[in-house]
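Single-structure report; data block below.
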Amino acid sequence: MPIEQTDLQGKLPLIARGKVRDLYNVDDNTLLFVATDRISAYDVIMKNGVPDKGKLLTKLSEFWFKFLSDEVENHLVKTDNLFNKLPKELSADLSLKSQLEDRSLLVRKLKILPLECIVRGYITGSAWAEYKKSGTVHGFEVREGLQESEAFAEPLYTPSTKAEQGEHDENIHPDKAIEIVGQELADGVRELSLKLYKKARDYALEKGIIIADTKFEFGVDENNNIVLVDEVLTPDSSRFWSAEKYEVGKSQDSYDKQYLRDWLTANNYKGVEGVSMPEEVVQKTREKYIEAYELLTGHKWA
């Protein structure tokens, strides 16, 4: 059964419930991130979840945090056993422990930058829609004659605001990002986002996956150092395509939420609240997440 919402019965203070994660306060310096099996599309959370999705996101994020650790500091608190840092009542109560196992991360409290740092390597989604309409991507002039799903000559950095739950992210020009966080931080996250994307893109391609686009989120520590936070390079935050089946000029076979998005669009449910996914959509989405995990990490999903 999917875990769509956690309930720790007051053993830890609940700070917030995001689209996917439940956040709890551990102590003055530490938070507990719990990735539930909730799934959202077009900024709307579905009524039912996808079994194991939270575990898949957690394990894949851990993989990428480690892979990128030479390039950027991340927010993970290093510990051999998560439950050593949590109240003993949580591990003693098996019903509570089962809500957290394999889907939880201990992370540092940081000042989170209010930006979604999006990098686009290929023209698809909203970028393709804009290009067909105006010949631009995110307001930027790009070369004429691009076809759907074609690679840009160089990846584009296209930030957006980080909206509250229920609100929509707003695409912004990089100059606006400077107004929001200042020149130094805006330049820093832009350079880091492009660097991290390129490193991950090259690795994934060797494993048979094209990372068409992705988003990163960053915070800063007490010394104003930039820290990679949230999730990273998962099917929730990225478009993953099959390199083997890739073909310019059409939409691609994907390992992400596109299957769900396509179903919503085809049934006129785009942006509609209170939608339940049929079992076929649930299982297909789960299968795609598992395939992405296995290809990228080289580990079999149990």
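The values are calculated or read from the model by the stated rules, or taken from the named source; none is laboratory data. Since the structure is predicted, the reported quantities are computational estimates derived from the model, not experimental observations. Ideal geometry is used to build each Cβ from the backbone, glycine not excepted, and the neighbour counts take in all protein chains shown. The protein model used for the area step is the full one, side chains on, heavy atoms only, and it has no ligands, DNA or RNA in it. Shrake-Rupley method; radii C 1.70, N 1.55, O 1.52, S 1.80 Å.
Things worth noting here:
- Expected 222 nm ellipticity per residue - DSSP helices of 4 or more, -39500 (n - 2.57), all of the chain, to 500: -10000 deg cm²/dmol
- The stretch 43-183 - percent relative contact order, Cα under 8 Å, separation 6 or more: 23
- The ratio of the alpha-carbon radius of gyration of the chain to the globular-protein estimate 2.2 N^0.38 Å is 0.99.
- With each label modelled as a point 7 angstrom along the Cα→C-beta vector, the Ser69-Met1 pair spans 3.7 nm.
- Extension gain from Glu62 to Asp202, taking 0.36 nm per residue of separation minus the Cα-Cα distance: 48.5 nm
- For the stretch 28-76, chymotrypsin sites (Phe, Trp or Tyr not before Pro) meeting the loop criterion (DSSP other than H, G, I, E, B) and having at most 15 other Cβ atoms within 10 Å: Tyr42.
- Of Lys111/Lys199; Lys55/Lys78; Lys97/Lys198; Lys162/Lys300, those spanning more than 28 Å from alpha-carbon to alpha-carbon: Lys97/Lys198; Lys162/Lys300
- Size of electric dipole in the chain: Cβ of Lys, Arg +1 and of Asp, Glu -1, about Cα centre, debye, nearest 20: 480
- Centroid-to-centroid separation of the stretch 178-256 and the stretch 67-145 [C-alpha atoms, Å]: 9
- Pairs spanning more than 25 Å between alpha-carbon atoms, out of Lys59/Lys215; Lys133/Lys245; Lys47/Lys288: Lys133/Lys245.
- R0 of 45 Å, Cβ-Cβ distance Tyr42-Ser91: FRET efficiency to nearest 0.05: 0.75
- Sparse-neighbourhood loop sites, trypsin sites (Lys or Arg not before Pro) in the stretch 187-230 - DSSP loop, at most 16 other Cβ within 10 angstrom: Lys207
- Mean separation of Cα contacts under 8 Å, 6 or more apart, over the residue count of the stretch 14-108: relative contact order %: 30
- Taking all protein chains into account, the per residue accessible area for the chain stands at 49 Å² (1.4 Å probe).
- Neighbours of Phe218 by Cβ distance under 14 Å: Lys/Arg scored +1, Asp/Glu scored -1, total -4.
- Its relative contact order, with pairs defined as Cα atoms under 8 Å and 6+ residues apart, puts the chain at 20 percent.
- GluC sites (Glu not before Pro) within the stretch 239-291, DSSP loop, no more than 15 other Cβ atoms inside 10 Å: Glu244, Glu247, Glu273
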